[in-house]
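A.B. asks: Got a structure here, written out as structure tokens. Questions coming.
The values are calculated or read from the model by the stated rules, or taken from the named source; none is laboratory data. Quick caveat, the model's predicted, so the values are computed rather than measured. Heads up, the Cβs are rebuilt from the backbone with ideal geometry, glycines too, and the neighbour counts pull from every protein chain shown. Remember, those area values only see protein heavy atoms, side chains included, never the ligands or the DNA or RNA. Shrake-Rupley method; radii C 1.70, N 1.55, O 1.52, S 1.80 Å.
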Amino acid sequence: MAAQSLGYRVCVLDPGHDSPAGAVADRQIRADYVDPAALAELASLCKAVTTEFENVPAASLERLARDCAVSPSAEAAAVAQDRRREKRFAQDCGLSVAPYQVITEAADLARVDGSLLPGVLKSARLGYDGKGQVRVDQVGAVQPAWDSLGQAPCVLEKWCAIEREVSVVVCRGRDGRSVTFPVAENEHRGGILATTIVPARIDGALAQRVRAAATTIAERLDYVGVVCVEFFVLPGGQLLVNEMAPRPHNSGHYTIDACVTSQFDQQARILAELPLGDTRQLAPAVMLNLLGDLWFDQGRLRPPRFDAVAAIDGACLHLYGKGEARPGRKMGHVTVLGTSLPDALARAGQVSAALGLEPSR
Ligand code: ADP
Ligand code: MG
């Protein structure tokens, strides 16, 4: 939609029959992300290609890059798609990550470092929204956890006493110029993003460190496009890189309503080799995610009270048009704008009450 409002026509490659992007695109190629004929067709139709979903195989991006500009690059996607490479990369950039150990084979289980427990075992690849993760509290629990993840390559990460989670979206053009959006403060529930508050309630010096760390990652990856870096802030202000997403990110959705340029506009501008847009935030914002759970009342399917949300000043409703509501599935979000952050939080409280959402902290 951002590219279309800049005057471009858009083609979507998506295997789905009720693909939200396919529904608004000028054209959809309905095929798997690795289908050679579909990739050839997409490459022949498009000047530039990007992904909205981080598990598009790096090899498909490589194929497309033979014929058109592709962001993220296959190399950047490959780093972000594997937690082992991602963590090593952050460390190579001089940044800290949560203490961790790689588990790739049964012998690694005998070498589990007890200081990482209680911890969380995460599959190295294909995890999102807390999927592919199992909490482990003691050494004996690592084996069953690894079994439950199909004995796939994993990282065992120490469970950190997080004071706050923050993220920042970096936009970097082909010319190496980059800009960042304001730092966002995130609250996750059950491993899924629930609320984003912007600006994050951290001091200016820490916000500057967050922006600088994310920019370093984008530069060292020679990244072209939009990338989001998630961080843990520990008591005392120590910053750990959690992970990066090589695409517009849920914690950047507030930019649609709250900033001069949205993260999606930036992606379209970068693909089109236009100058980067103004990342200024025009109003304090609170973003509330709408998960499929909201569509169920004691197991019975019924739509949430969106009429009540529509009556609240400052509330901007976004529904993605996904065909079927399922628990844990991201169906949409509400961005609530205020005249001040306390005002935005108060209005977000009204939205939460209207929808039956748990209020944010
Ligand atoms: P995903 O790819 O599913 O987003 P993350 O690694 O970002 O996976 O984990 C999701 C959320 O789970 C994090 O945002 C955080 O709230 C929590 N979490 C993950 N790892 C840790 C950890 N080591 N310590 C504390 N909380 C964690
Ligand atoms: Mg995450």
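A.B. asks: Looking at the stretch 183-191, can you tell me whether even one residue there is more than 16 Å from ligand 1 (Cβ to nearest atom) and assigned to a loop (DSSP other than H, G, I, E, B)? Break it down into steps so the answer makes sense when it comes.
C.D. replies: Going through the stretch 183-191, the residues more than 16 Å from ligand 1 (Cβ to nearest atom) turn out to be none.
No - not one qualifying residue is present in the stretch 183-191.
A.B. asks: Would you tally the residues in the stretch 181-196 being within 15 Å of the chain's Cα centre (by Cα) and either away from ligand 2 (no atom under 16 Å from the Cβ) or among the small types (Gly, Ala, Ser) (or both)? Show your work before the answer.
C.D. replies: Quick first cut of the stretch 181-196, residues within 15 Å of the chain's Cα centre (by Cα) only: 181, 183-189, 191-196.
Narrowing the set further to residues that are either away from ligand 2 (no atom under 16 Å from the Cβ) or among the small types (Gly, Ala, Ser) (or both) leaves 181, 184, 191, 194.
Total satisfying the criteria: 4.
A.B. asks: Another question, if that's okay. Somewhere in the stretch 230-240, is a residue open to solvent by 10 Å² or more (accessible area, probe 1.4 Å), closer than 30 Å to residue 304 by Cβ and not β-branched (Val, Ile, Thr)?
C.D. replies: First pass over the stretch 230-240, keeping only residues open to solvent by 10 Å² or more (accessible area, probe 1.4 Å): 230, 232, 234-239.
So of that shortlist, the ones also closer than 30 Å to residue 304 by Cβ come out as 230.
Cutting the leftovers down to not β-branched (Val, Ile, Thr) gives us 230.
For the stretch 230-240, residues open to solvent by 10 Å² or more (accessible area, probe 1.4 Å), closer than 30 Å to residue 304 by Cβ and not β-branched (Val, Ile, Thr): present.
A.B. asks: Moving on to the next point. Restricting the first residue to the stretch 324-338 and requiring it to be within 22 Å of residue 18 (Cα to Cα) and without any contact (Cβ under 8 Å) to a residue 40 or more places away in the chain, which pairs with a second residue that is among the hydrophobic types (A, V, I, L, M, F, W, C) and open to solvent by less than 20 Å² (accessible area, probe 1.4 Å) meet a Cβ separation below 7 Å and a spacing of at least six or different chains?
C.D. replies: Taking only residues 6 or more apart or on different chains, the pairs are 325/331.
A.B. asks: With respect to residue 194, is the statement that it is assigned to a strand (DSSP E or B), small (Gly, Ala, Ser) and within 30 Å of residue 347 (Cβ to Cβ) true?
C.D. replies: Spelling it out, residue 194 is indeed assigned to a strand (DSSP E or B), small (Gly, Ala, Ser) and within 30 Å of residue 347 (Cβ to Cβ).
A.B. asks: Further, regarding this structure: In the stretch 22-34, how many are within 18 Å of residue 68 (Cβ to Cβ), surrounded by fewer than 18 Cβ atoms within 10 Å (Cβ to Cβ) and touching an Asp or Glu at 6+ places or on another chain (Cβ under 9 Å)?
C.D. replies: 2
A.B. asks: Anything in the stretch 284-298 that is in contact (Cβ under 8 Å) with a residue 24 or more places away in the chain and either under 20 Å from residue 337 (Cα atoms) or assigned to a strand (DSSP E or B) (or both)? List them, or say none. So that I can check it myself, show each step before the final result.
C.D. replies: Taking the stretch 284-298 and keeping what is in contact (Cβ under 8 Å) with a residue 24 or more places away in the chain, we get 284-296.
Selection gives 284, 285, 286, 287, 288, 289, 290, 291, 296.
A.B. asks: Then there's this: For residue 129, work out the one condition from (1) farther than 14 Å from residue 243 by Cα; (2) within 14 Å of ligand 2 (Cβ to nearest atom); (3) assigned to a loop (DSSP other than H, G, I, E, B) it doesn't fulfil.
C.D. replies: Failed condition: (1).
A.B. asks: So which residues in the stretch 322-361 are open to solvent by less than 20 Å² (accessible area, probe 1.4 Å), of a type in the set (Ser, Thr, Tyr) and farther than 30 Å from residue 14 by Cβ, if there are any at all?
C.D. replies: Hit for the stretch 322-361 is 352, nothing else.
A.B. asks: Do we find that residue 269 is at pLDDT 95 or above, under 16 Å from residue 2 (Cα atoms) and either within 16 Å of ligand 2 (Cβ to nearest atom) or open to solvent by 20 Å² or more (accessible area, probe 1.4 Å) (or both) in this structure? Full working, then the answer.
C.D. replies: Details: at pLDDT 95 or above: yes; under 16 Å from residue 2 (Cα atoms): yes; either within 16 Å of ligand 2 (Cβ to nearest atom) or open to solvent by 20 Å² or more (accessible area, probe 1.4 Å) (or both): yes.
Answer is yes for this residue.
A.B. asks: Within the stretch 164-181, identify whether any single residue is of a type in the set (Lys, Arg), within 15 Å of ligand 1 (Cβ to nearest atom) and within 20 Å of residue 97 (Cα to Cα), and answer yes or no.
C.D. replies: Residues of the stretch 164-181 of a type in the set (Lys, Arg): 164, 172, 174, 177.
Then keep just the ones that are within 15 Å of ligand 1 (Cβ to nearest atom); that gives 164.
With within 20 Å of residue 97 (Cα to Cα) added as a condition, the list becomes 164.
Yes: the stretch 164-181 contains one or more residues that are of a type in the set (Lys, Arg), within 15 Å of ligand 1 (Cβ to nearest atom) and within 20 Å of residue 97 (Cα to Cα).
A.B. asks: Let me ask another. Return a yes/no flag: does the stretch 104-123 have any residue that is under 30 Å from residue 59 (Cα atoms) and without any contact (Cβ under 8 Å) to a residue 12 or more places away in the chain. Lay out the reasoning, then the answer.
C.D. replies: We begin by selecting, within the stretch 104-123, every residue under 30 Å from residue 59 (Cα atoms); these are 104-106, 108, 120-123.
Narrowing the set further to residues that are without any contact (Cβ under 8 Å) to a residue 12 or more places away in the chain leaves 105, 108.
Looking through the stretch 104-123, at least one residue is under 30 Å from residue 59 (Cα atoms) and without any contact (Cβ under 8 Å) to a residue 12 or more places away in the chain.
A.B. asks: Okay, moving on. Looking at (1) without any contact (Cβ under 8 Å) to a residue 60 or more places away in the chain; (2) of a type outside the set (A, V, I, L, M); (3) over 19 Å from residue 289 (Cβ atoms), can you tell me which one residue 160 breaks?
C.D. replies: For residue 160, the exception is condition (1).
A.B. asks: Now for a separate question. Within the stretch 147-200, how many residues are crowded, with 24+ Cβ neighbours inside 10 Å and at pLDDT below 95?
C.D. replies: 0
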